Every structure is written in C-alpha cells, then in structure tokens.
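Please read the structure below before turning to the comments.
Nothing in this text is a laboratory measurement; each read-out follows from the coordinates by a stated rule. If you're wondering where the values come from, they're calculated on a predicted model, not measured in any experiment. When we count neighbours, we look across all protein chains shown, and the Cβ atoms used for this are built from the backbone with ideal geometry, even at glycine.
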Amino acid sequence: MNARHFLSLMDFTPAELSGVIRRGIELKGLRKRGELHEPLKNRVLGMIFEKSSTRTRLSFEAGMIQLGGQAIFLSPRDTQLGRGEPVEDGAIVMSSMLDAVMIRTFAHATLTTFAAKSRVPVINGLSDDLHPCQLLADMQTFHEQRGSIQGKTVAWIGDGNNMCNSYIEAAIQFDFQLRVACPEGYEPAERFLAQAGDRVKLVRDPREAARGAHLVSTDVWTSMGQEEQAEQRLARFSPYQVTRELLDIAAPDVLFMHCLPAHRGEEISHDLLDDPRAVAWEQAENRLHAQKALLEYLVEPAYRAE
C-alpha cells in the first residue's frame, strides 16, 4: 500500500503544499483562458459523502471532469458502508475499481482506517477533526491577493473546530502566526495546540486577536451535527461576531475569509461579505482550482500509466 494520501496538511511538506498552490493558480489561468488540460482522462474519483456539501461536491466533481476524468457521488444510501460493512473491506474493494477516493465524513478515524487499506490516494474532504482542502483554497486566495503569507499574522475568531485545527496546521506548514479567539470550553484540540507551540496564541478577546492581523477568518457557530446545541452556542459566541468595525483594527490590507455557508447576523454581521476586504467568493471558487492541483498531483496521469 504505497498510495499517497491527503488527510491533513501535515501529510505534505511545506514545499509540496506551496507547489500545489502555485499549480492551482496556473490551472485557474488555464481555465480562464479556455485552454483544455486533461491529464486525468479515463481516471475515476469516488466521492463518499457522509456529510452533505455544496462546495465540496461541486469542486471535486467539476474539477475531475475538467481534468478529463470522471467522478462518482456516493451517499450513505449508495454504499454498503452505510449498512455496516467494515470500512477496511470497503476500502479494499473501492480502491480496486477507482483511481482516487475523496471522503467527507464525521469521525476522522474513518479516513485513517480507509486509507490504511486503500491502494489509491485518499483525500479528506472534511472530518470532525480537519478540513485541509479548504485551507489549500484559503492559502491560494491569500497568495493571489497579497503574496506570501509567511511571517504574517492570522486571526481565527469563533469555534475551535475542524477549520480552526486546520488553520493551526497551516500556521506550522506556511510559517505564520495564528491568534485564536474563542470562548472558554470551545478551544481547539490540545494536540493541535501542542504541535504548533508558540506559533499559536489562544485569547478570549476577538479584538486582541484581530488587532494588526493580515487575515481574519471565521466559520459558523453551529456545525452539522450540533443542531441541538444551537441556542447555547448562539449565546456563548455572540461576542465573537466578525464585523466591519473589527476589521478596522486589523492591518490596513487585511483580508476576511469564510469557508461558507455563512449565517449573516450570527458569526458575521449582515453587511460583512459586501465589504471590499472580504474575499469569500474568490475563496470558494479556489476550492475548484486548488483541488484540481491536488488531484493532478496525487492521481497517476493516464499518459504516464499507459
């Protein structure tokens, strides 16, 4: 089992991550110019969705088609995994028929278990622990708008969730300082904080996190599967709303990002996505381009294998 997987930003070296982002920018240019580029012709991506998503499905499916290949969408109703087949068994069978597998799931252990038995690359489309593909898009967006993020200051404001954990890994891999502002009891996982050391500072005041930051990012306060906590979370997170006024104390050239979907009036003010400092739409589009670069990097091209 020698397949290369992408379950975490830590699975690639900093140089590899930078290369994927540069290639994403190149592929974006090819698409804008209408140039055909199909290195993955006759290659098939299996997409396993335990959690639904607009951007993840569109970006992977469209990306694979644009690279000349095809993608197969599999919901829990479409596989025996949803009926109790061991993940290991499913991995052996699916990877014998596919050229890569993207999994969007709840437990991160589902990904690691599947990858251990897969003969083809496995990509983390999101787990409860991490969302590395979103960070590729975020880093590409920052690079396009402001150049290298190395040495910059990033503020994460809100829940210490899977996106926050991936921002912590990004701070390590892309060499920036991260300030995380969250209420007590909603901190990111300790193992991620320990891994990052002094690259990450945990604070309670969102103004302290945002002051002088070159990038401010947030996410919804109530993620899929947490609906029963919604009322409690709204009360706890209300001081952590990102507003135009909060961005005013950041760096003059600050960018604001949100992985979407956004709940206006909750984690962001109603007008924030209309602010010229907000780049959420470019960020969303870059899911397509960054993931095309990732697929191109991981999946054996047809011309090389044949």
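Simple point charges give the picture: +1 on the Cβ of Lys and Arg, -1 on the Cβ of Asp and Glu, and for the chain a dipole about the Cα centre of about 680 debye. For segment 1-72, the relative contact order is 30 percent, taking Cα pairs closer than 8 Å that sit 6 or more residues apart in sequence and dividing their mean separation by the residue count. Each Lys and Arg adds +1 at its Cβ and each Asp and Glu adds -1 at its Cβ; summed about the Cα centre, segment 101-205 shows a dipole of about 300 debye. Each Lys and Arg adds +1 at its Cβ and each Asp and Glu adds -1 at its Cβ; summed about the Cα centre, segment 132-284 shows a dipole of about 400 debye.
Computed from the C-alpha gyration tensor, the three semi-axes of the ellipsoid equivalent to segment 132-284 are 21, 18, 14 Å, from longest to shortest. Taking each DSSP H run with n ≥ 4 as -39500 (n - 2.57) and averaging over every residue of the chain yields -12500 deg cm²/dmol at 222 nm. For the chain, the relative contact order works out to 21 percent when only alpha carbon pairs closer than 8 Å and six or more residues apart are counted. Computed from the coordinates I sent, P(r) over Cα pairs in 10 Å bins from 0, in percent equals one of (i) 6, 28, 35, 23, 8, 1; (ii) 6, 19, 23, 21, 15, 9, 4, 2, 0, 0; (iii) 7, 26, 31, 24, 10, 2, 0. Tell me the label. Here the calculated entry is (i).
The mean sequence separation of alpha-carbon pairs under 8 Å and at least six residues apart, normalised by the residue count of segment 132-284, gives a relative contact order of 24 percent.
Among the trypsin sites (Lys or Arg not before Pro) in segment 1-50, those placed in a DSSP loop whose Cβ has at most 12 other Cβ atoms within 10 Å are Arg33. Comparing Ser166, Leu273, Ala210 along the charge dipole axis of segment 132-284, the residue lying farthest to the positive side is Ala210, per the Cβ-charge model.
Restricting segment 84-145 to trypsin sites (Lys or Arg not before Pro) that sit in a DSSP loop and have at most 16 other Cβ atoms within 10 Å of their own Cβ leaves Arg119.
Looking at segment 146-230, the trypsin sites (Lys or Arg not before Pro) that sit in a DSSP loop and have at most 16 other Cβ atoms within 10 Å of their own Cβ are Arg204, Arg211.
Straight-line cross-link partners of Lys201 among the aspartates and glutamates, defined as a Cα under 19 Å from its Cα and at least 8 positions apart when in the same chain: Asp159, Glu169, Asp175, Glu184, Glu187, Glu190, Asp219. Under 17 Å between alpha carbons, and skipping anything fewer than 8 positions from Lys32 in its own chain: which lysines qualify? Partners found: Lys292.
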